[in-house]
1. From the residues in region 117-136 that are touching a helix residue (DSSP H, G or I) at 6+ places or on another chain (Cβ under 9 Å) and outside any helix (DSSP H, G or I), which one is nearest to residue 27 (Cα to Cα)?
2. Looking only at region 226-235, decide whether some residue is out of contact with any His (no Cβ under 9 Å at 6 or more places or on another chain), surrounded by fewer than 16 Cβ atoms within 10 Å (Cβ to Cβ), closer than 30 Å to residue 313 by Cα and in the same structural domain as residue 66 (by TED's automatic domain parsing).
3. Go through 111, 99, 107, 95 for me and flag whichever is of a type in the set (A, V, I, L, M), under 19 Å from residue 165 (Cβ atoms) and surrounded by fewer than 23 Cβ atoms within 10 Å (Cβ to Cβ).
4. Does residue 399 meet the test of being under 18 Å from residue 273 (Cα atoms) and not aromatic (Phe, Trp, Tyr)?
5. Within region 49-57, is there a residue that is surrounded by 14 or more Cβ atoms within 10 Å (Cβ to Cβ), among the hydrophobic types (A, V, I, L, M, F, W, C), in contact with a helix residue (DSSP H, G or I) (Cβ under 7 Å, 6 or more places away or on another chain) and under 18 Å from residue 162 (Cα atoms)?
6. Check region 73-86 and report whether any residue there is surrounded by fewer than 18 Cβ atoms within 10 Å (Cβ to Cβ), closer than 17 Å to residue 334 by Cβ, of a type outside the set (Asp, Glu) and touching a helix residue (DSSP H, G or I) at 6+ places or on another chain (Cβ under 7 Å).
7. So, of the residues in region 13-56 that are modelled with pLDDT under 90 and of a type in the set (Ser, Thr, Tyr), which turns out to be farthest from residue 375 (Cα to Cα)?
8. Out of region 259-284, which residues are over 15 Å from residue 384 (Cα atoms) and without any contact (Cβ under 8 Å) to a residue 12 or more places away in the chain?
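The values are calculated or read from the model by the stated rules, or taken from the named source; none is laboratory data. Just so we're clear, the structure is a prediction, and the values are computed from it rather than from any experiment. Cβ sites come from the backbone with ideal geometry, for glycine too, and all protein chains shown count toward neighbours.
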Amino acid sequence: MNLRERTGEDGIRYAATAIAAVAIVACVLKEWQGLSRLHFLGYDYAFFYNAFRHVLTGQTDWHHLYNPMSEIAFLKAHGYPLDPHNHYVYPPQFAWLFAWLGLLPFAMSLALWRLMSLFAGVLGVYWTLKTLWPRIRRGHLLLAMGASLTLTPFQLDLAVGNVNTLLFALLAFAFYAIYRLDKPTLASAALAAAVLMKVTPIAVLFALALQRRWNVVLRALLMIALGLVGSCLWLGGDSTAQYALHFLQFGRESMGNGAAPYNQSLLGVLELLVNRGRSSTPPAWLSAFFDGYVLTLLLAFAFALKRRSWSTQSICIGLGAMLPLAVSPLVEQPHMVLTLPALIASFYILRRQPQASRRVYRALFAMAYALQTLPVTFLLNDATHWFPGLYWIHIQMFVSLASLLALLLTIAWRHPSERPAPRLALG
């Protein structure tokens, strides 16, 4: 290749990069402008900040920390919309861990929280890539991070100020510590922190137990216990005990926001379809059907993960990250940030599958990724705005989740071993 051809290729590459960057920025601005019109920027963080302030002022008992009237007053003071189904539903330990953010004014605290979340997202992508590809090129790393920025769940989580991106980073670091560094104590610390912040990541410990990684599981449980005891010395035991008693009630209250598109779990999607987009009480059989689905899925996960010779690292990472969402009766769009390890692991697996079997898997992967992107979200929003009868297409996050599950479980069952990584594959 002569110098002129190389210069031409470099120019095309730089132009494509610039166009992609402009497209990403345009999509992000459109998403944030839409949320701003709805007064949702920082909405979730307002509940967090209110809880942080209670911890700082010593109001750590149940009736203060989870007081809806205090939340309503704070929301009104900052111009946020009111919804009777939305409350602070996280463990007291989450407010205890981040109470220091309450020392700052709300706007400054929110800005710092977003900066932390953005940094955590970058680290989470980096750790996941490094787990699968020990030598990663800078260009591929930037490409993966750019692709992550286009995802609606990531932008929603960042905009409203939720905690899912931080959880993603903790899970990514745990997988990195387990599968690349072989440092079980570091992995246990990350998983314990995730569980103390939000209970649902405890499902990852079940996935690790199926892999017989007891050194990680037992240490994580010990650290969780120590975190609970240590936090109770400051918070008192009342709020933690009451939270445990009301945990399921919190979930039911959140599900009161309705079916899909709010709730993108199987339960939420079935409720949307059965009620034909109308707001009404779902039939009783839906809960029993969902319970059967969860049991079946857990058995499938056990088969895929328990037999170690069949469980490659990429499969373990993908399914481990997916488990908390796959069995949850409530999956909001920002929760889908936790599918990022599964998306990256699926891409890794696809590059190692025989050419003949790639077509279906590529279609599943492309669907899983595309349905989470901002352009597809905009398209579906516009379509249902102009044609309300198309309400049923607003299940894109569930279809993405189901596509990833189908891809990973099918490969785990049909292709128990991976080929060695191509030397030039991503560094």
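1. Taking region 117-136 first, the residues touching a helix residue (DSSP H, G or I) at 6+ places or on another chain (Cβ under 9 Å) are 117-134, 136.
Adding the requirement that they be outside any helix (DSSP H, G or I) leaves 133-134, 136.
Working: 133: 29, 134: 32, 136: 27 Å.
So, considering only residues that are touching a helix residue (DSSP H, G or I) at 6+ places or on another chain (Cβ under 9 Å) and outside any helix (DSSP H, G or I), the one nearest to residue 27 (Cα to Cα) is 136.
2. yes
3. Details: 99 fails: under 19 Å from residue 165 (Cβ atoms); 107 fails: under 19 Å from residue 165 (Cβ atoms); 95 fails: surrounded by fewer than 23 Cβ atoms within 10 Å (Cβ to Cβ).
None of the others qualify; the one that does is 111.
4. So residue 399 fits the description; yes.
5. The first filter runs over region 49-57 and keeps only residues surrounded by 14 or more Cβ atoms within 10 Å (Cβ to Cβ), leaving 49-56.
Next, from what is left, pick out any that are among the hydrophobic types (A, V, I, L, M, F, W, C): 51-52, 55-56.
Subsequent filtering for residues that are in contact with a helix residue (DSSP H, G or I) (Cβ under 7 Å, 6 or more places away or on another chain) retains 51-52, 55-56.
If we keep only those that are under 18 Å from residue 162 (Cα atoms) too, we end up with 51-52.
Checked region 49-57: at least one residue is surrounded by 14 or more Cβ atoms within 10 Å (Cβ to Cβ), among the hydrophobic types (A, V, I, L, M, F, W, C), in contact with a helix residue (DSSP H, G or I) (Cβ under 7 Å, 6 or more places away or on another chain) and under 18 Å from residue 162 (Cα atoms).
6. So far as region 73-86 goes, yes, one or more of its residues are surrounded by fewer than 18 Cβ atoms within 10 Å (Cβ to Cβ), closer than 17 Å to residue 334 by Cβ, of a type outside the set (Asp, Glu) and touching a helix residue (DSSP H, G or I) at 6+ places or on another chain (Cβ under 7 Å).
7. Checking each candidate, the answer is 14.
8. 280, 281, 283, 284
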